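Read the structure below first, then the notes.
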Amino acid sequence: MNLNMIGFAALFSAAVVASPASANFAVDTGMPLANDIQLSKSQSLAGYFTLASALEVSSVEGFISGLDSVGTITIYSDAAVPAASNTLFSANFAILSSAGAWQGVFGQKWKLAAGSYWVGFSNSGNGNFMKGFAPTPLPQYAFSTGSSWTLDDPSSAASAIGVRIDGNRYVAAVPEPASWTMMIAGFGAIGGVLRTRRRKAEVFLLAGAAGHGHSEGGLSV
């Protein structure tokens, strides 16, 4: 392996890469038990959640029952209540006729930093519901009729809709000792190449200057 290849390999090995951990539920209220809450084209529901670390969201689900229609899931930035101006991500999904099932969006790559957010559920039609009394409720819920959001009493278990958010947490991969050794060797090799090139350039310039001086010395006046 030549010096340039060693140097490039060292730089590549030393790069700090964001590597996703295994997928898991970053937010999980558990399956709600009862108390259908209307989710229609006139009313939207939302829950407030907090991420302790950065997350690339792959799926967002709500526990929904009712008729076939088109639903929308929206992630809002932190605010007193969800607002269209705070929309970060939004996607539609097919709500399938069911007595109650986890339904939502999948295959997303929504990058969220550590912090607090709202997740909202809305629907294009009527006849759909989300159940309350989730066993591990979120700290705050809200509902809207149109564009105006109202906070639900967080102590009311009846408003605790089911929410699941899946994704990959990202951590910085620290190079192993062998990688550090290669990195140091690579930097040394790169430095050696640069020094060699610099010496060759200096020799070339000195040789040119010497030749130029000899030519002038040979002139007769």
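The values are calculated or read from the model by the stated rules, or taken from the named source; none is laboratory data. In this text, all values refer to a predicted model and were calculated from it rather than measured experimentally. Positions of Cβ are backbone-derived with ideal geometry, glycine not excepted, and every protein chain shown enters the neighbour counts.
Quick notes
- Answer residue from region 22-71, given it is touching a residue at least 60 places away in the same chain (Cβ under 8 Å), among the β-branched types (Val, Ile, Thr) and part of a strand (DSSP E or B) and is farthest from Asp153 (Cα to Cα) among those: Val57
- Pairs linking a residue in region 96-111 that is over 20 Å from Leu39 (Cβ atoms) and assigned by TED's automatic domain parsing to the domain that holds Leu33 to a residue that is modelled with pLDDT of 95 or more and among the acidic types (Asp, Glu), with Cβ atoms under 9 Å and 6 or more positions apart or on different chains, are Gln108/Glu56; Lys109/Glu56; Trp110/Glu56; Lys111/Glu56.
- Ala101 vs. criteria among the small types (Gly, Ala, Ser) and in a loop (DSSP other than H, G, I, E, B): no
- Gly7 at pLDDT below 95 and among the small types (Gly, Ala, Ser): yes
- One residue stands out among those in region 57-107 that are in contact with a Gly (Cβ under 6 Å, 6 or more places away or on another chain) and more than 20 Å from Trp118 (Cα to Cα): the one that is surrounded by the most Cβ atoms within 10 Å (Cβ to Cβ), which is Ile95.
- Only residues that are farther than 21 Å from Val105 by Cα, touching a residue at least 60 places away in the same chain (Cβ under 8 Å) and surrounded by 19 or more Cβ atoms within 10 Å (Cβ to Cβ) were counted in region 134-169, giving 2.
- Among the candidates Asn168, Asn126, the residue that is under 18 Å from Ser65 (Cα atoms), assigned by TED's automatic domain parsing to the domain that holds Leu88 and at pLDDT below 95 is uniquely Asn126.
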